[in-house]
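The structure appears below as structure tokens.
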Amino acid sequence: MSQEDLLRHYRVDAGRMLDRVAQLPDQIEQAWRMMKSFKAPPPRGKGPVIICGMGGSAIGARLLRDLIRQESPVPVVLESTYALPAFAGRTTPVICVSYSGNTEEVLSCLHNALMRSCPTVVLTSGGALAAEADLAGVPVIRIPAGMPPRSALGYLFTPLLALVSRWGFYPAPDDEIDAAVRKCRKLAETHSIDGDAGGSRALQLAKRLYGKTPLIYSGDGLLAAAAHRWKCQFNENAKSMAFANNFPELVHNEIMGWTTPERLRSEYFLVVLRDPEDHPRVQRGMEAAYRMMEPLASGAVLVESEGERGRTGRLARLLSIILFGDFTSVFLAVEYGKDPTPIEMIDRLKDELRMEE
């Protein structure tokens, strides 16, 4: 891409979100290394792991749940309300995640976990969460501050993976982490605008998405949370409406929405995320549904995860899809002339809620 195009990009992307997206492999590498020296006693039981989080701070838990659920004997439960589920007790590991450390729902869950004597760990960059955890003697994983939570994915996901691996719930050897980091670095270069613009599939997709509403579909396996991540990145970075759903559930309901009058679906753009580990029946359903929906949409694309097949390549494949979506959302923001970093409406709503307290 020409120097003029680069300058145009950063005139809009004043917060340099593109640079933050490209830092994902560095974040994963740094966080994995940091967790080598983190000390926390293992949980007393083998019950479900409850991870408390909201918004960008919760995406790591969503991705972890999809990554490990086919092998781990211990399920991950994401809690995004003000209290833990009724089953939480002395043998239930709880991880409270808030990038800022000031998320009121997560602070409430910390209080709840302490009241129930749950073995608890906190993941945050600081704030009230770190202060209260320190006061209560709860181990705190401190990550770098000063970035939007959605751009700190490597710091918010990797420590969770390290913890469940250390606790014996899911093996995550160093060589698989290293392979995923190498794959992410290669893909970050591929999607970047520093080289040949024609080689950036993310930029090409962003141009096709201009003026459209993305509907992001995936299977219900490895990429289910990735589809949600794509939706949220389009919402926050590109300031665009976007929606996500998963096969096979959507073929029992949402697919009928595609028969709505053409004027109502003329702006829908279909994005289907696929992974070779999707259940064979799900794969067949996705292919059949894609053939039916493609001619009804204003545009459509199949996005395949990239990486080795099988368990050892699972993490790399998951992150490959995440990077593709993150880059695309930033490029789409620039196409709209929107700085990807500010989230004025979210900040305004939080300010109004604080004023009511």
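Read-outs: derived from the displayed coordinates by stated rules, not from any lab. Please read all numbers here as calculations on a predicted model, not as lab measurements. Note that we place each Cβ from the backbone using ideal geometry, even for glycine, and neighbour counts take in every protein chain shown.
Please name which of 92, 30, 110 has its Cα lying farthest along the dipole of the chain towards the positive end, using unit charges on Cβ (Lys, Arg +1; Asp, Glu -1) and the Cα centre as origin.
Selected residue: 92.
Arranged by the count of other C-beta atoms within 10 angstrom, fewest first, what order do 12, 140 take?
By the 10 Å Cβ count, ascending, the order reads 12, 140.
Which length gain, in nm to one decimal place, applies between residue 308 and residue 136 when the Cα-Cα distance is subtracted from 0.36 nm times their residue separation?
57.6 nm
Need the list of aspartates and glutamates near residue 350 for cross-linking: C-alpha distance under 19 angstrom, and skip anything on the same chain fewer than eight residues off.
Straight-distance partners of residue 350: 104, 105, 236.
Going 7 Å from the Cα of residue 267 along its beta-carbon direction, which residues of region 209-253 have the amide nitrogen within less than 12 Å of the resulting point?
Counting backbone N atoms under 12 Å from the label point, the list is 210-214, 240-242.
State to the nearest 20 debye the size of the charge dipole of region 98-193 about its Cα centre, where the only charges are +1 on K and R beta carbons and -1 on D and E beta carbons.
180
Could you give the size of the charge dipole of the chain about its Cα centre, using +1 on the Cβ of each K and R and -1 on the Cβ of each D and E, expressed in debye and rounded to the nearest 20?
Dipole magnitude for the chain comes out near 660 debye.
Under a point spin-label approximation (7 Å from Cα along Cα-to-Cβ), what is the residue 116-residue 256 distance to one decimal in nm?
Distance between the two pseudo-spin positions: 3.7 nm.
Most exposed first by the Cβ proxy, i.e. fewest other Cβ within 10 Å, how do 87, 243 rank?
So the residues, fewest neighbours to most, are 87, 243.
Once each part is reduced to its C-alpha centroid, what is the distance from region 225-275 to region 302-318 in angstrom?
22
Any idea how many Lys pairs in region 175-335 come in under 26 angstrom at the alpha carbon, given 8 or more places apart or on separate chains?
Lysine pairs meeting both conditions in region 175-335 amount to 9.
Measure nothing but the geometry: give the 0 to 90° angle between the long axis through the Cα atoms of 174-191 and the longest principal axis through the Cα atoms of the chain, rounded to 10°.
Taking Cα atoms only, the helix is inclined about 30 degrees.
Taking every pair of alpha-carbon atoms in region 95-172, what share in percent sits in each 5 Å bin, from 0 to the bin with the longest distance?
Calculated over all Cα pairs of region 95-172, the distribution is 3, 16, 27, 24, 19, 10, 2 percent.
For 345, 286, 17, 293, which order do you get if you count the other beta carbons within 10 Å of each Cβ and list the fewest first?
345, 293, 286, 17
Pull out the extension gain between residue 10 and residue 70, defined as 0.36 nm times the separation in residues minus the alpha carbon to alpha carbon distance; nm, one decimal.
Stretched out fully, the residue 10 to residue 70 stretch lengthens by 17.5 nm.
Which order do the peptides 276-283, 28-35 take when ranked by the mean count of other beta-carbon atoms within 10 Å per residue, highest first?
28-35, 276-283
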